[in-house]
1. If you rank TYR116, TYR75 by fewest surrounding Cβ atoms within 10 Å, what's the result?
2. Give me ARG87, ARG102 sorted ascending by neighbouring Cβ count inside 10 Å, so fewest comes first.
3. Would you mind counting up the charge near SER126? Only other residues with Cβ under 11 Å from its Cβ, with Lys and Arg at +1 and Asp and Glu at -1.
4. Per DSSP H run of n ≥ 4, the term is -39500 (n - 2.57); total these for the chain, divide by its residue number, and report the mean residue ellipticity at 222 nm rounded to 500 deg cm²/dmol.
5. Please report the net charge: other residues with Cβ closer than 14 Å to the Cβ of ASP177, K and R +1, D and E -1.
6. Please report, for the Cα atoms of the chain, the Rg to one decimal and the Dmax as a whole number; what are they, in angstrom?
7. Could you please rank MET159, MET1, placing first whichever residue has the fewest other Cβ atoms within 10 Å of its Cβ?
8. Please report the projected area of region 262-332's Cα convex hull averaged over all directions, in nm².
Amino acid sequence: MPGHDIIVVAASAGGVESLAQLAHGLPADLPAAVLVVLHVPPHATSAMPQILSRSGPLPAVHPKDGEVLQSGRIYVAPPDHHLLVKRGYVRLARGPRENGHRPAADPLFRTAARAYGRRVVGVVLSGVLDDGTAGLSAVKVRGGTAVVQDPDDALYPGMPTSAIENVAVDHILPLADIPPLLTRLAHEPVQDAEKGAEPVSDDMKIEADMAELDLDALQRIERPGKPSGFGCPDCGGVLWEIHESDLIRFRCRVGHAWSADSLLAEQSEALETALWTAIRALEESAALSARMAHRARDRGQDRVAKRFEEQVQDAKRHAAVIREVLLKDMASEPTEVIESGRKPDRTEEPDPDGQRE
């Protein structure tokens, strides 16, 4: 009788340290496969397998597409690819981003839950916003076990807090206590392992297939949920609103998926970009109008010059108003940053020797 032998782990900001500590605490004979998603920039070269291999006794790798799952190994999602679980092997896919990420935690958790049901343990560690929450909900729906790092113990509590607020979590623990729990669960036989608390729903199948770039799923006219009044920040398409218990999510026709918090964050960033673009356009307009006013003065066209000078003042006044809005918004932003200076929802890894790549 199998134990909880599929362990899926999500981390973001603060995740390098958390994952290294997790790997350090797992035994060499762990009878489970561990699959990890850490948010990294899409064009980075990830050193996480080397870091995790040096941190503990389990070998860690970036798997190849179609690689067979083996117990006692750590599989790390490579940059710009979703790591997905099939029955007995893994898939790598450049499917639609979820919560602005690829790799993202939700596709990993969802596909693992679909394939292995009660045998899955979902683990959410340090990170901001809420990637992993919807995936952890899928794990619970299929009868799996949900484990979350205590937010008070996490460097960035956003992801653990979101999971706790939206999912019936089984274990909330400090990071140091999670490896012993996972070891115990891996050895603990799973009764009726082939049965989930609920069968795999059509919506779960569709969303899992979308991450894998399945054409039938992507071309379906029907979508999970109902059309909302919001547009997808990635492609501009209509977002479908999906309700799972108290959790609200969104997914567009081509498959981009967003939680409510991630959508708000992305809309805020898009608004800021639009405001900076408006400032640039206004300043360029003021500069051009000033040049035209100077030219009109040189030609003795005072009335024309005055009109251009009024346009200069209008453009500068409007730019000043937008700049003031941006300055107030910056003053109200949280001060959380990571060492690289990036926003803390993407993690830049150090190399195995402790230097940044």
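A short reminder: the numbers here are calculations on the coordinates, not readings from a lab. This one's a predicted model, so the numbers in the text were calculated from it and none came from an experiment. Because the Cβ atoms are built from the backbone with ideal geometry, glycine has one as well, and the counts that use them run over all protein chains shown.
1. Ordered from fewest to most neighbouring Cβ atoms within 10 Å, TYR116, TYR75 come out as TYR75, TYR116.
2. Sorted ascending by nearby Cβ count, the order is ARG87, ARG102.
3. Taking every Cβ under 11 Å from that of SER126, the sum is -3.
4. When only DSSP H runs of four or more count, the value is -13000 deg cm²/dmol.
5. Net charge around ASP177: -3.
6. Spelled out, the Cα radius of gyration and Dmax of the chain are 24.5, 95 Å.
7. Placing the least packed residue first, the sequence is MET1, MET159.
8. Working: hull surface 19.4 nm².
Result: 4.8 nm².
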